[in-house]
1. Considering only the range 42-95, how many residues are basic (Lys, Arg) and modelled with pLDDT of 95 or more?
2. Answer yes if at least one residue in the range 220-239 is part of a helix (DSSP H, G or I) and of a type in the set (Val, Ile, Thr), and no otherwise.
3. What number of residues within the range 72-87 are within 16 Å of residue 120 (Cα to Cα) and out of contact with any strand residue (DSSP E or B) (no Cβ under 9 Å at 6 or more places or on another chain)?
4. Which residues, taken from the range 165-186, are closer than 18 Å to residue 290 by Cα and not in a helix (DSSP H, G or I)?
Amino acid sequence: MQWILLSEDNGYRLRKINDKKRGWIVMKVFLTGATIGGLVLAAVPAQAERDTAQFTSLTVFGDSLVDAGNIFTATGGAIPDPNLGYFNGRFTNGFDYTDLLSIELFGAPTVASLQGGTNFAFGGARASETSGVPDLGEQLGAYAAYLTVPGNEVDENGLFILNFGGNDIFNAPDDPVEADVFVRQAAQDYAAGVQALNDIGARNLLLTGFPVLDDSLSFLAEFYLTQELAALNLMDDTSLFHFSYLDFFTRLGTDPGAFGLPPQDLTQTCLEAGPAAVAGGCVGIFSFDGVHPTAPIHQALFDDINSQFNLTASVPEPATWAMMIFGFFITGTALRRRQKIRVSYG
């Protein structure tokens, strides 16, 4: 975008300065007259009414809650079994919340990394490197390999999602002392993944906390995670969105109507309810298979995350902001000092 000053009757000068930090365009206006009465500004090309998404890409790391088909691809389409109602390689009966976010932002769901996309999640993955599938550290390694391909680079305006913790709780030792050590390490590894992404240039990070599986252990793990996140050394322009599964599931259980859901059946899974329930979209049933939430819960999850962090809000193009800003100037407001105007673009 270039700015053209069409009238300089009163000695006004407009200069555009690019500041790459967080995608800001910084414009400095030097005013030498008493008023701005004769100033006329045009933008080339004219895109003043087009808005753009605040994020330009989506990269996902995680477990089966957000696996877009990596396990499905790795097993030749055997797991999860589509004949049971699992949808397009997902571990539920529809798109998961990261898919819904991607559809809202870019018009298409996420694509598994083994299928050429940037969703690196694997069903069964943990925050700690203790499973037989690519865990968080190994998924970050796969992303590092992705970045070696010419044309691939860390998108500073992209959104990076990390969704781990459930399998760490599932597989914690029975002994309380050993379990404490295990989940503390998982929390440390989880936070270390955030730091690693920050260090290579990721600037927008959404991290989900530990889900409710074993109440006491889940809350303990979330406490450790919160401590670890507070100790991170993130760049000043890094935005970390920490979403609490514990809070979400508590509110959902208390008042599903607040999420636009009917009372939830917790006594049976959608698969147990039978083919008719699966064909009907598992409406009113919380779990698809005893482990994974149904598609309606994923929709509620997406809605809640988006409500909290406003991830799908569009950002006006620079021309839109400039026309609004300079509209005030044209009214003849007297300005006798130099002003700096920050204009954000997606």
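1. 1
2. Here is the first cut: in the range 220-239, the ones part of a helix (DSSP H, G or I) are 220-230.
With of a type in the set (Val, Ile, Thr) added as a condition, the list becomes 226.
Yes, the range 220-239 has at least one match.
3. Just the residues of the range 72-87 that are within 16 Å of residue 120 (Cα to Cα), to begin with: 72-75.
Now narrow it down to the ones that are out of contact with any strand residue (DSSP E or B) (no Cβ under 9 Å at 6 or more places or on another chain): 74-75.
The number of residues fulfilling the criteria is 2.
4. Passing the criteria: 165, 171.
The values are calculated or read from the model by the stated rules, or taken from the named source; none is laboratory data. Model, not experiment: these values are computed from the prediction. Backbone-built Cβ (ideal geometry, glycine too); neighbour counts: all protein chains shown.
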